[in-house]
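Below is one structure, written out as C-alpha coordinates; comments come after it.
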Amino acid sequence: MIKQKIKDIKEGKLNAVDNIKGFLDKIKKENDGMNIVLQINDKALDQAKEVDKKIKDGDGGKLAGLGFLVKSNINVEGMMISCASKTLEGYNGVYNARVIDRLIKEDAIVLGMVNMDEFACGATGENSAFGVCVNPRASDRIPGGSSSGSAAGVAAGFCDFSLGSDTGGSIRNPASHCGVVGYKPSYGSVSRYGLVDMSMSLDQIGPLGNDVEDCEVVFDLIKGRDENDSVSRDFDAKVGKLNGLKIGVLNMSSDKEIWQLVTDRVHEVIKKNSWNVGSFNLDYVDLGIQTYYPIVYTEFFSGTRKFDGRKYGKKIEDVCGEEVLRRIIGGSEITKAEHGGRYYHKALKAKKLIEKEFEKAFKKYDLIIIPTVPRLPHKVGEKISVEDCYNYDSLTVLANLAEIPGISIPVGDVDGIPVGMQILAAKGRDKFLFKVAREFEK
Ligand code: GLN
(Lines give C-alpha, C1' and ligand atoms only; values in the text may rest on other atoms or scores of the structure.)
Protein backbone atom coordinates (compact mmCIF):
# COMPACT_ATOMS: atom_id res chain seq x y z
CA MET A 1 0.00 0.00 0.00
CA ILE A 2 2.52 2.66 0.99
CA LYS A 3 4.79 1.86 -1.95
CA GLN A 4 2.00 2.97 -4.29
CA LYS A 5 1.43 6.14 -2.29
CA ILE A 6 5.15 6.94 -2.28
CA LYS A 7 5.09 6.59 -6.07
CA ASP A 8 1.98 8.79 -6.38
CA ILE A 9 3.59 11.49 -4.28
CA LYS A 10 6.79 11.30 -6.28
CA GLU A 11 4.86 11.61 -9.55
CA GLY A 12 2.85 14.56 -8.26
CA LYS A 13 -0.51 12.77 -8.21
CA LEU A 14 -0.69 13.47 -4.49
CA ASN A 15 1.30 15.88 -2.36
CA ALA A 16 2.58 15.68 1.19
CA VAL A 17 0.32 18.49 2.42
CA ASP A 18 -2.85 16.78 1.17
CA ASN A 19 -1.80 13.45 2.60
CA ILE A 20 -0.97 14.86 6.02
CA LYS A 21 -4.01 17.15 6.07
CA GLY A 22 -6.22 14.19 5.26
CA PHE A 23 -4.95 12.29 8.30
CA LEU A 24 -5.07 15.29 10.63
CA ASP A 25 -8.66 16.13 9.62
CA LYS A 26 -9.71 12.54 10.17
CA ILE A 27 -8.02 12.39 13.57
CA LYS A 28 -9.60 15.69 14.63
CA LYS A 29 -13.01 14.49 13.53
CA GLU A 30 -12.98 10.95 14.88
CA ASN A 31 -10.44 10.70 17.68
CA ASP A 32 -12.60 12.25 20.42
CA GLY A 33 -14.71 9.16 20.76
CA MET A 34 -11.78 6.81 20.12
CA ASN A 35 -8.97 8.04 22.39
CA ILE A 36 -6.26 6.69 20.08
CA VAL A 37 -4.14 9.82 19.62
CA LEU A 38 -2.96 11.57 22.80
CA GLN A 39 -1.29 14.50 21.08
CA ILE A 40 -1.29 15.82 17.52
CA ASN A 41 1.91 17.24 16.09
CA ASP A 42 0.84 20.83 15.38
CA LYS A 43 3.90 21.35 13.17
CA ALA A 44 2.99 18.47 10.87
CA LEU A 45 1.46 20.65 8.14
CA ASP A 46 4.43 23.04 8.03
CA GLN A 47 6.73 20.03 7.86
CA ALA A 48 4.65 18.67 4.98
CA LYS A 49 5.06 21.97 3.12
CA GLU A 50 8.82 21.70 3.50
CA VAL A 51 8.71 18.14 2.22
CA ASP A 52 6.68 19.21 -0.83
CA LYS A 53 9.39 21.76 -1.64
CA LYS A 54 12.04 19.07 -1.41
CA ILE A 55 10.04 16.76 -3.67
CA LYS A 56 9.71 19.55 -6.22
CA ASP A 57 13.49 20.02 -6.18
CA GLY A 58 13.95 16.31 -6.69
CA ASP A 59 15.43 15.60 -3.25
CA GLY A 60 12.54 13.99 -1.41
CA GLY A 61 13.49 11.06 0.83
CA LYS A 62 12.30 7.47 0.51
CA LEU A 63 9.16 8.08 2.60
CA ALA A 64 8.55 11.64 1.43
CA GLY A 65 5.11 12.84 2.50
CA LEU A 66 3.98 9.81 4.50
CA GLY A 67 2.54 10.32 7.98
CA PHE A 68 3.11 8.09 11.01
CA LEU A 69 1.98 7.79 14.61
CA VAL A 70 4.37 7.09 17.47
CA LYS A 71 3.91 5.16 20.71
CA SER A 72 4.23 7.57 23.63
CA ASN A 73 7.37 5.87 24.98
CA ILE A 74 9.54 6.72 21.95
CA ASN A 75 11.20 10.13 22.14
CA VAL A 76 10.23 12.76 19.59
CA GLU A 77 11.65 16.22 20.13
CA GLY A 78 9.01 18.66 21.35
CA MET A 79 6.27 16.03 21.69
CA MET A 80 4.68 14.72 24.88
CA ILE A 81 6.52 11.55 25.97
CA SER A 82 4.04 10.58 28.65
CA CYS A 83 4.27 6.76 28.42
CA ALA A 84 0.54 7.18 29.12
CA SER A 85 1.41 7.78 32.78
CA LYS A 86 0.70 10.63 35.18
CA THR A 87 4.38 10.29 36.12
CA LEU A 88 5.51 11.99 32.92
CA GLU A 89 2.41 14.02 32.09
CA GLY A 90 3.53 17.26 30.50
CA TYR A 91 7.08 16.03 29.85
CA ASN A 92 8.25 16.90 26.34
CA GLY A 93 10.96 15.04 24.49
CA VAL A 94 14.24 16.93 24.13
CA TYR A 95 15.69 14.75 21.38
CA ASN A 96 14.66 12.24 18.74
CA ALA A 97 14.98 8.50 19.21
CA ARG A 98 17.23 6.96 16.55
CA VAL A 99 14.26 5.41 14.74
CA ILE A 100 12.55 8.81 14.56
CA ASP A 101 15.67 10.46 13.15
CA ARG A 102 15.97 7.73 10.55
CA LEU A 103 12.36 8.16 9.41
CA ILE A 104 12.46 11.95 9.40
CA LYS A 105 15.65 11.81 7.34
CA GLU A 106 13.54 10.03 4.71
CA ASP A 107 10.93 12.84 4.96
CA ALA A 108 8.25 10.90 6.80
CA ILE A 109 6.18 13.16 9.06
CA VAL A 110 5.18 12.55 12.70
CA LEU A 111 1.40 12.94 12.98
CA GLY A 112 1.20 12.51 16.73
CA MET A 113 1.75 10.46 19.87
CA VAL A 114 -0.61 7.61 20.67
CA ASN A 115 -2.18 5.85 23.61
CA MET A 116 -0.65 2.75 25.25
CA ASP A 117 -0.61 0.78 28.47
CA GLU A 118 1.22 2.79 31.13
CA PHE A 119 5.00 2.37 30.62
CA ALA A 120 4.20 -0.51 28.21
CA CYS A 121 3.00 -2.69 31.10
CA GLY A 122 -0.04 -4.55 29.86
CA ALA A 123 -1.65 -6.54 27.09
CA THR A 124 -5.03 -4.85 26.82
CA GLY A 125 -4.63 -1.07 26.53
CA GLU A 126 -6.62 -0.68 29.75
CA ASN A 127 -3.64 0.33 31.89
CA SER A 128 -3.34 3.76 30.25
CA ALA A 129 -3.68 6.64 32.72
CA PHE A 130 -5.72 8.33 29.98
CA GLY A 131 -8.23 5.52 29.53
CA VAL A 132 -8.41 2.66 27.05
CA CYS A 133 -8.65 3.44 23.33
CA VAL A 134 -11.21 1.99 20.97
CA ASN A 135 -10.60 -1.10 18.86
CA PRO A 136 -11.76 0.18 15.46
CA ARG A 137 -12.43 -3.35 14.15
CA ALA A 138 -14.41 -4.62 17.17
CA SER A 139 -15.64 -1.64 19.15
CA ASP A 140 -16.95 -3.53 22.18
CA ARG A 141 -13.59 -5.31 22.63
CA ILE A 142 -10.27 -4.14 24.06
CA PRO A 143 -7.70 -3.14 21.41
CA GLY A 144 -4.90 -5.17 23.00
CA GLY A 145 -1.63 -3.70 24.17
CA SER A 146 0.60 -2.33 25.16
CA SER A 147 0.94 -0.60 21.75
CA SER A 148 -2.83 -0.14 21.66
CA GLY A 149 -2.88 3.24 19.94
CA SER A 150 -0.25 2.18 17.39
CA ALA A 151 -2.44 -0.72 16.21
CA ALA A 152 -5.76 1.09 16.56
CA GLY A 153 -4.31 4.10 14.71
CA VAL A 154 -3.50 1.95 11.67
CA ALA A 155 -6.88 0.17 11.84
CA ALA A 156 -8.72 3.51 12.07
CA GLY A 157 -6.93 4.88 8.98
CA PHE A 158 -5.26 7.65 11.00
CA CYS A 159 -1.79 7.15 9.49
CA ASP A 160 0.25 5.39 6.82
CA PHE A 161 2.01 3.32 9.49
CA SER A 162 3.00 3.52 13.14
CA LEU A 163 5.75 2.58 15.56
CA GLY A 164 5.32 0.46 18.67
CA SER A 165 7.54 -1.39 21.13
CA ASP A 166 7.42 -5.08 21.95
CA THR A 167 8.83 -6.57 25.15
CA GLY A 168 6.64 -9.65 25.32
CA GLY A 169 4.12 -9.12 22.55
CA SER A 170 3.11 -5.49 22.66
CA ILE A 171 3.31 -4.97 18.90
CA ARG A 172 1.91 -8.34 17.80
CA ASN A 173 -0.89 -8.62 20.36
CA PRO A 174 -2.74 -5.37 19.52
CA ALA A 175 -2.02 -5.94 15.81
CA SER A 176 -3.85 -9.25 16.13
CA HIS A 177 -6.84 -7.79 17.98
CA CYS A 178 -7.13 -4.79 15.66
CA GLY A 179 -6.68 -6.76 12.42
CA VAL A 180 -3.44 -5.16 11.20
CA VAL A 181 0.14 -6.35 10.68
CA GLY A 182 2.70 -5.93 13.47
CA TYR A 183 6.41 -6.75 13.34
CA LYS A 184 8.78 -7.56 16.22
CA PRO A 185 12.34 -7.50 14.85
CA SER A 186 15.22 -9.74 15.93
CA TYR A 187 16.66 -8.54 19.22
CA GLY A 188 19.29 -5.95 18.39
CA SER A 189 18.30 -5.27 14.81
CA VAL A 190 16.64 -1.91 15.56
CA SER A 191 18.24 0.71 17.79
CA ARG A 192 16.43 1.42 21.04
CA TYR A 193 18.19 4.70 21.61
CA GLY A 194 15.42 7.04 22.76
CA LEU A 195 12.97 4.35 23.85
CA VAL A 196 11.80 4.61 27.45
CA ASP A 197 12.71 1.05 28.26
CA MET A 198 10.61 -1.45 30.12
CA SER A 199 12.99 -4.41 30.03
CA MET A 200 16.35 -3.97 28.34
CA SER A 201 16.92 -7.67 27.68
CA LEU A 202 13.68 -7.99 25.73
CA ASP A 203 12.51 -4.64 24.25
CA GLN A 204 12.41 -3.99 20.54
CA ILE A 205 10.92 -1.12 18.53
CA GLY A 206 9.04 -2.19 15.41
CA PRO A 207 6.50 -1.08 12.77
CA LEU A 208 2.76 -1.69 12.46
CA GLY A 209 1.03 -1.29 9.11
CA ASN A 210 -1.77 -2.31 6.80
CA ASP A 211 0.22 -5.10 5.19
CA VAL A 212 3.48 -7.03 5.39
CA GLU A 213 5.16 -4.98 2.69
CA ASP A 214 4.45 -1.70 4.52
CA CYS A 215 6.10 -3.04 7.65
CA GLU A 216 9.09 -4.20 5.62
CA VAL A 217 9.53 -0.81 3.94
CA VAL A 218 9.64 0.86 7.37
CA PHE A 219 11.83 -1.84 8.94
CA ASP A 220 14.42 -1.44 6.16
CA LEU A 221 14.79 2.23 7.06
CA ILE A 222 14.92 1.95 10.85
CA LYS A 223 17.12 -1.13 11.23
CA GLY A 224 20.86 -1.37 11.65
CA ARG A 225 23.72 -0.69 13.99
CA ASP A 226 23.67 2.49 16.01
CA GLU A 227 26.61 3.46 18.19
CA ASN A 228 24.21 4.78 20.86
CA ASP A 229 22.72 1.33 21.43
CA SER A 230 25.46 -1.17 22.18
CA VAL A 231 23.32 -4.25 21.48
CA SER A 232 22.23 -2.99 18.06
CA ARG A 233 23.83 -4.65 15.06
CA ASP A 234 23.54 -5.32 11.35
CA PHE A 235 22.26 -8.74 10.42
CA ASP A 236 22.88 -10.41 7.09
CA ALA A 237 20.02 -9.34 4.77
CA LYS A 238 20.21 -12.49 2.63
CA VAL A 239 16.76 -13.96 1.94
CA GLY A 240 17.63 -17.39 0.55
CA LYS A 241 15.45 -19.67 -1.51
CA LEU A 242 11.73 -19.93 -0.95
CA ASN A 243 11.20 -23.31 -2.55
CA GLY A 244 10.82 -26.49 -0.58
CA LEU A 245 10.38 -24.72 2.74
CA LYS A 246 9.67 -26.70 5.88
CA ILE A 247 7.05 -25.16 8.13
CA GLY A 248 6.77 -26.23 11.76
CA VAL A 249 3.52 -25.71 13.60
CA LEU A 250 4.35 -25.54 17.31
CA ASN A 251 1.82 -27.25 19.56
CA MET A 252 0.67 -24.69 22.10
CA SER A 253 -2.69 -24.30 23.76
CA SER A 254 -5.15 -21.73 22.43
CA ASP A 255 -8.88 -21.41 21.64
CA LYS A 256 -10.12 -23.94 19.12
CA GLU A 257 -11.55 -21.43 16.64
CA ILE A 258 -8.27 -19.57 16.62
CA TRP A 259 -6.23 -22.70 15.91
CA GLN A 260 -8.66 -23.60 13.14
CA LEU A 261 -8.14 -20.29 11.35
CA VAL A 262 -4.37 -20.64 11.68
CA THR A 263 -4.15 -24.23 10.43
CA ASP A 264 -6.55 -23.53 7.55
CA ARG A 265 -4.32 -20.73 6.35
CA VAL A 266 -1.16 -22.80 6.77
CA HIS A 267 -2.56 -25.63 4.68
CA GLU A 268 -3.74 -23.29 1.94
CA VAL A 269 -0.31 -21.71 1.70
CA ILE A 270 1.77 -24.87 1.79
CA LYS A 271 -0.41 -26.41 -0.88
CA LYS A 272 -0.06 -23.42 -3.17
CA ASN A 273 3.73 -23.34 -2.72
CA SER A 274 4.35 -27.09 -2.42
CA TRP A 275 5.99 -26.58 0.96
CA ASN A 276 6.10 -29.16 3.76
CA VAL A 277 4.50 -28.90 7.13
CA GLY A 278 4.85 -30.77 10.40
CA SER A 279 3.70 -30.17 13.94
CA PHE A 280 6.09 -30.47 16.85
CA ASN A 281 6.65 -29.78 20.55
CA LEU A 282 9.39 -27.86 22.29
CA ASP A 283 10.66 -28.18 25.84
CA TYR A 284 10.32 -25.26 28.25
CA VAL A 285 7.99 -23.16 26.06
CA ASP A 286 5.18 -23.65 28.58
CA LEU A 287 7.40 -21.74 31.02
CA GLY A 288 7.44 -18.60 28.88
CA ILE A 289 5.33 -16.46 31.19
CA GLN A 290 7.11 -17.68 34.35
CA THR A 291 10.43 -16.85 32.73
CA TYR A 292 9.37 -13.52 31.30
CA TYR A 293 7.96 -11.82 34.40
CA PRO A 294 10.93 -12.10 36.82
CA ILE A 295 13.10 -10.57 34.09
CA VAL A 296 10.59 -7.79 33.44
CA TYR A 297 9.94 -7.06 37.13
CA THR A 298 13.66 -6.81 37.84
CA GLU A 299 14.62 -4.70 34.85
CA PHE A 300 11.53 -2.50 35.03
CA PHE A 301 12.10 -1.83 38.72
CA SER A 302 15.68 -0.83 38.01
CA GLY A 303 14.69 1.27 34.99
CA THR A 304 12.06 3.23 36.89
CA ARG A 305 14.41 4.40 39.66
CA LYS A 306 15.09 7.53 37.62
CA PHE A 307 11.45 8.58 38.00
CA ASP A 308 11.96 9.83 41.53
CA GLY A 309 10.37 13.23 40.88
CA ARG A 310 13.63 15.15 41.18
CA LYS A 311 14.68 15.71 37.60
CA TYR A 312 11.40 15.49 35.74
CA GLY A 313 7.79 14.52 36.26
CA LYS A 314 6.44 13.08 39.49
CA LYS A 315 7.61 10.27 41.70
CA ILE A 316 6.36 7.16 39.93
CA GLU A 317 5.05 5.30 43.00
CA ASP A 318 2.94 8.31 43.97
CA VAL A 319 0.92 8.51 40.78
CA CYS A 320 1.20 5.28 38.76
CA GLY A 321 -1.52 2.73 38.17
CA GLU A 322 -1.96 -0.65 39.78
CA GLU A 323 -0.02 -2.77 37.27
CA VAL A 324 3.03 -0.51 37.24
CA LEU A 325 3.03 -0.47 41.04
CA ARG A 326 2.75 -4.27 41.14
CA ARG A 327 5.89 -4.55 39.01
CA ILE A 328 7.81 -1.99 41.06
CA ILE A 329 6.94 -3.69 44.35
CA GLY A 330 7.53 -7.14 42.86
CA GLY A 331 10.83 -6.03 41.37
CA SER A 332 12.02 -4.48 44.62
CA GLU A 333 11.15 -7.68 46.50
CA ILE A 334 12.86 -10.17 44.21
CA THR A 335 16.00 -8.06 43.88
CA LYS A 336 16.55 -7.71 47.64
CA ALA A 337 20.18 -8.25 48.63
CA GLU A 338 19.41 -11.35 50.68
CA HIS A 339 18.19 -13.16 47.57
CA GLY A 340 21.54 -12.50 45.88
CA GLY A 341 19.97 -12.05 42.44
CA ARG A 342 18.71 -15.63 42.54
CA TYR A 343 15.36 -15.10 40.78
CA TYR A 344 16.71 -12.91 38.03
CA HIS A 345 19.59 -15.27 37.27
CA LYS A 346 17.35 -18.29 37.25
CA ALA A 347 14.99 -16.56 34.83
CA LEU A 348 17.90 -15.61 32.56
CA LYS A 349 18.99 -19.25 32.58
CA ALA A 350 15.49 -20.36 31.59
CA LYS A 351 15.54 -17.71 28.84
CA LYS A 352 18.72 -19.27 27.49
CA LEU A 353 17.13 -22.74 27.50
CA ILE A 354 14.16 -21.46 25.49
CA GLU A 355 16.53 -19.74 23.08
CA LYS A 356 18.45 -23.00 22.58
CA GLU A 357 15.21 -24.95 21.99
CA PHE A 358 14.28 -22.58 19.20
CA GLU A 359 17.77 -22.79 17.70
CA LYS A 360 17.34 -26.54 17.57
CA ALA A 361 13.89 -26.24 16.00
CA PHE A 362 15.19 -23.92 13.30
CA LYS A 363 17.66 -26.59 12.22
CA LYS A 364 14.60 -28.60 11.23
CA TYR A 365 12.12 -25.95 10.17
CA ASP A 366 12.53 -22.75 8.19
CA LEU A 367 9.55 -21.13 9.88
CA ILE A 368 7.54 -21.71 13.01
CA ILE A 369 3.86 -20.93 13.25
CA ILE A 370 1.57 -20.36 16.23
CA PRO A 371 -1.45 -18.14 16.86
CA THR A 372 -0.55 -14.63 18.03
CA VAL A 373 -2.88 -14.55 21.03
CA PRO A 374 -4.43 -17.71 22.54
CA ARG A 375 -7.87 -16.18 23.09
CA LEU A 376 -10.19 -13.47 21.80
CA PRO A 377 -9.96 -10.00 23.33
CA HIS A 378 -12.38 -9.51 26.23
CA LYS A 379 -15.15 -6.94 26.32
CA VAL A 380 -14.27 -3.41 27.35
CA GLY A 381 -15.10 -3.04 31.04
CA GLU A 382 -15.01 -6.78 31.76
CA LYS A 383 -12.79 -7.58 34.74
CA ILE A 384 -10.16 -10.26 34.25
CA SER A 385 -7.56 -11.58 36.72
CA VAL A 386 -3.89 -10.61 36.63
CA GLU A 387 -3.03 -14.19 35.62
CA ASP A 388 -5.48 -14.10 32.71
CA CYS A 389 -4.05 -10.79 31.63
CA TYR A 390 -0.48 -12.16 31.72
CA ASN A 391 -1.61 -15.23 29.77
CA TYR A 392 -2.62 -13.10 26.80
CA ASP A 393 1.09 -13.10 26.01
CA SER A 394 1.89 -16.78 26.47
CA LEU A 395 2.52 -17.18 22.72
CA THR A 396 4.25 -13.88 22.04
CA VAL A 397 6.82 -13.78 24.89
CA LEU A 398 8.61 -16.74 23.29
CA ALA A 399 10.05 -14.66 20.44
CA ASN A 400 11.36 -12.06 22.89
CA LEU A 401 12.92 -14.70 25.13
CA ALA A 402 14.50 -16.42 22.12
CA GLU A 403 15.51 -13.03 20.60
CA ILE A 404 13.98 -14.04 17.25
CA PRO A 405 11.80 -12.02 14.84
CA GLY A 406 8.05 -12.49 14.79
CA ILE A 407 5.25 -11.08 12.70
CA SER A 408 1.50 -11.09 13.32
CA ILE A 409 -0.75 -11.06 10.27
CA PRO A 410 -4.56 -11.09 10.15
CA VAL A 411 -5.89 -14.56 9.43
CA GLY A 412 -9.64 -14.06 9.67
CA ASP A 413 -12.17 -13.42 12.40
CA VAL A 414 -14.37 -15.16 14.94
CA ASP A 415 -17.81 -13.50 14.98
CA GLY A 416 -16.31 -10.34 13.52
CA ILE A 417 -13.43 -10.18 16.01
CA PRO A 418 -10.04 -10.16 14.22
CA VAL A 419 -7.58 -13.01 14.80
CA GLY A 420 -3.87 -12.93 14.07
CA MET A 421 -1.35 -15.60 13.22
CA GLN A 422 2.29 -15.46 14.23
CA ILE A 423 5.18 -16.46 12.01
CA LEU A 424 8.60 -16.80 13.60
CA ALA A 425 12.02 -17.17 11.99
CA ALA A 426 15.55 -17.75 13.25
CA LYS A 427 17.44 -14.84 14.75
CA GLY A 428 18.62 -12.36 12.14
CA ARG A 429 16.47 -13.80 9.36
CA ASP A 430 14.13 -10.79 9.31
CA LYS A 431 14.31 -10.29 5.55
CA PHE A 432 13.49 -13.95 4.94
CA LEU A 433 10.57 -13.70 7.34
CA PHE A 434 9.14 -10.70 5.49
CA LYS A 435 9.35 -12.53 2.17
CA VAL A 436 7.53 -15.62 3.37
CA ALA A 437 4.97 -13.71 5.44
CA ARG A 438 3.65 -12.21 2.22
CA GLU A 439 2.70 -15.68 1.06
CA PHE A 440 0.46 -16.01 4.10
CA GLU A 441 -1.39 -12.75 3.44
CA LYS A 442 -4.74 -12.90 1.74
N1 GLN B 1 1.89 -7.68 28.11
C2 GLN B 1 3.28 -7.86 28.38
C3 GLN B 1 3.61 -7.15 29.66
O4 GLN B 1 2.75 -6.61 30.24
C5 GLN B 1 4.10 -7.35 27.25
C6 GLN B 1 4.24 -5.89 27.24
C7 GLN B 1 5.14 -5.38 26.16
O8 GLN B 1 5.48 -6.10 25.23
N9 GLN B 1 5.56 -4.14 26.31
O10 GLN B 1 4.72 -7.13 30.09
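Side notes on the structure shown:
- Mean Cα-pair separation over length for region 294-442, i.e. relative contact order, pairs under 8 Å, 6 or more apart, %: 20 percent
- Percent accessible area from carbon and sulfur atoms, the chain, protein chains only, probe 1.4 Å: 50 percent
- Net length gained if the chain between R326 and K306 were fully extended (0.36 nm per residue, minus Cα distance): 5.5 nm
- Compared with the direct C-alpha span, the chain from K105 to D46 gains 19.7 nm at full extension, assuming 0.36 nm per residue.
- Computed E for E359/D318 - FRET, C-beta separation, R0 35 angstrom, nearest 0.05: 0.20
- Prolate/oblate/rounded call for region 196-330, Cα gyration tensor, a/c under 1.5 rounded: prolate
- Here the Karplus curve 6.51 cos²θ - 1.76 cosθ + 1.60, taken at θ = phi - 60°, turns the phi angles of region 233-248 into couplings of 7, 9, 9, 4, 8, 4, 8, x, 6, 9, 8, x, 5, 10, 9, x Hz, with x standing for Gly and Pro.
- Gaussian network model of the chain, Cα within-10 Å springs - most flexible of E50, E387, E403: E387
- Summing charges over all other residues whose Cβ lies under 13 Å from the Cβ of N135, with Lys and Arg as +1 and Asp and Glu as -1, gives 0.
- Once backbone amide H atoms are built at 1.01 Å from N, Q39 has M113 as its partners under 5 Å, excluding neighbours fewer than 5 places away on the same chain.
- Across all C-alpha atoms in region 350-439, the radius of gyration and Dmax reach 14.7, 45 Å.
- The length gained on full extension between D220 and K442, counted as 0.36 nm times the residue separation minus their Cα-Cα distance, comes to 77.6 nm.
- Cα gyration tensor shape for region 78-172, rounded if a/c is under 1.5, else prolate or oblate: oblate
- Taking 23 Å as the limit for the C-alpha separation, the pairs K5/K62; K28/K62; K5/K54 exceed it in the case of K28/K62.
- Hz values of 3J(HN,Hα) by residue in region 296-303 - Karplus curve (6.51, -1.76, 1.60), Gly and Pro given as x: 5, 4, 5, 6, 5, 4, 5, x
- Between the beta carbons of S385 and Y91, assuming R0 = 35 Å, the FRET efficiency works out to 0.60 to the nearest 0.05.
- Within straight-line reach of K351, meaning a Cα separation under 23 Å, sit the following lysines at least 8 residues removed in sequence or on another chain: K184, K336, K360, K363, K364, K427.
- Reciprocal mean inverse distance between Cα atoms of region 1-76 - Kirkwood radius, Å: 13.3 Å
- Every helix of 4 or more DSSP H residues in the chain counts as -39500 (n - 2.57), and over all residues that averages to -11500 deg cm²/dmol at 222 nm.
- The ellipsoid equivalent to the alpha-carbon distribution of the chain has semi-axes of 30, 28, 21 angstrom, derived from the gyration tensor eigenvalues as √(5λ) and listed largest first.
- Taking every lysine pair in region 254-335 that is 8 or more places apart or spans two chains, those with Cα atoms closer than 27 Å amount to 4.
- Sequence ranges 135-142, 391-398, ranked by mean other-Cβ count within 10 angstrom, highest first: 391-398, 135-142
- Distance between the 7 Å Cα→Cβ label points at D32 and F280: 5.5 nm.
- For the listed peptides 355-361, 305-311, 143-149, a ranking on the average number of other beta carbons within 10 Å per residue, highest first, reads 143-149, 355-361, 305-311.
- When nucleic acids and ligands are ignored and a 1.4 Å probe is applied, C159 ends up with an accessible area of around 10 Å².
- Between I316, I74, I370, the residue with the greatest mean-square fluctuation in the GNM of the chain (Cα pairs under 10 Å linked by springs) is I316.
The values are calculated or read from the model by the stated rules, or taken from the named source; none is laboratory data. Keep in mind it's a predicted model, so treat the numbers as computed, not measured. When we count neighbours, we look across all protein chains shown, and the Cβ atoms used for this are built from the backbone with ideal geometry, even at glycine. Just so you know, the surface numbers come from the protein's heavy atoms only, side chains and all, with ligands and any DNA or RNA stripped out. Shrake-Rupley method; radii C 1.70, N 1.55, O 1.52, S 1.80 Å.
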